[in-house]
Amino acid sequence: MKKVVLCGLMGIIFMIQSACVEAGGKDKVGATTALFLNLAQGARPAGMGGAFVAGVDDINACWWNPAGLIRINSREMLYANTRWIEDVEGSFVAYAQPTTAYEGKKRVIAGSVILSNASGIDGRAGDGKPIGSLKVENRAIVFSTALGLTSATSIGVSLKAISQDLGGSKGEAMAIDLGWLFLPGEDLSFGVNIQNIGPKLKTEDASNDLPLNLKLGFCFKPSILGDNVKAAVDVDVPKNNDVGVHGGIEYWTSNVMCIRVGYEKASENRSGYSIGMGFKGSGEGKLKAINTQIDYAMLSSTDFDPTHRVSMITRF
């Protein structure tokens, strides 16, 4: 009965949000700033088509769903690099660890940094005259924490300090993410993450909203395919764009290697598939307790050339 109620509530939330976006969302395209906050982080989630808000079980939770940090059982470090399009490049660095229980409940804390830079952009003044090449630099410093409420439910929050430099036009803002994760069974999970809740980001000559986004998702393990297969579906309801749908599958062929495939329809005009691979290994001797996972993903979009993402997770 609880499962039925939960699914019903999530369905209602989705329909309400979808109706709001269909009614007024298209008129708001381009009305937000700090759009680098919407760029999904990590090669593992990318290989699954960006369907990860409910299936997250590692340090990628810092971006995808802070409540998912509760599934971490050791210290983890992550570094991810992405070349988006042309001269736009991004990096994501994170560290997480379980900490002292709070009133008998498990707690995990984490810190991360999101960087996005672009160079060689042709700048123009208000009258349209060229003003030379501009450089764009974006940064978000994030503190995250997760708390296990019950054996099946956890909540999480991320506090973000955001800075943006658009060719000399600078601005700063604060925002939070609120996450929730529910695992009614070993083979099923549901997740919600509301990203970038906060005031407008003000620059010298403008004041714009942050890219508020609602992520809903579920993840399951098809029993007929064994314990090594994970399938997931996510829905994005952004403030400034169309509703997006993501789906993906992860299959560990062994304890050291996996393959991933996914598909996303991020908007009416942007969709594409993804493929990825992952490899795990551990050290020898005194380094045996250190485990490393390297993930790679390639994304093909209808709007741009394929992009490539690489990330590394170290557990110790």
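The values are calculated or read from the model by the stated rules, or taken from the named source; none is laboratory data. Every value quoted in this text rests on a predicted model; they were computed, and no experiment measured them. Counting neighbours? That spans all protein chains shown, and the Cβs are built from the backbone with ideal geometry, glycine included.
Criterion applied to 292, 253 was being more than 19 Å from residue 242 (Cβ to Cβ), modelled with pLDDT of 95 or more and of a type in the set (Val, Ile, Thr), and the one residue passing it is 292.
Restricting segment 81-98 to residues that are assigned to a strand (DSSP E or B) and at pLDDT below 95 leaves a set whose member that is farthest from residue 295 (Cα to Cα) is 88. Scanning segment 295-308 for residues that are in contact with a Phe, Trp or Tyr (Cβ under 7 Å, 6 or more places away or on another chain) and either surrounded by 15 or more Cβ atoms within 10 Å (Cβ to Cβ) or modelled with pLDDT under 85 (or both) yields a single hit, 307.
So which residues in segment 272-286 are at pLDDT 90 or above and either of a type outside the set (Lys, Arg) or closer than 12 Å to residue 306 by Cβ (or both), if there are any at all?
Answer for segment 272-286, where residues must be at pLDDT 90 or above and either of a type outside the set (Lys, Arg) or closer than 12 Å to residue 306 by Cβ (or both): 272, 273, 274, 275, 276, 277, 278, 279, 281.
Of the residues examined, residue 181 is one that is aliphatic (A, V, I, L, M) and either under 25 Å from residue 51 (Cβ atoms) or in contact with a Leu (Cβ under 6 Å, 6 or more places away or on another chain) (or both).
The listed residues are 262, 283, 276, 247, and the only one of them that is surrounded by 17 or more Cβ atoms within 10 Å (Cβ to Cβ) and either more than 17 Å from residue 217 (Cβ to Cβ) or among the acidic types (Asp, Glu) (or both) turns out to be 276.
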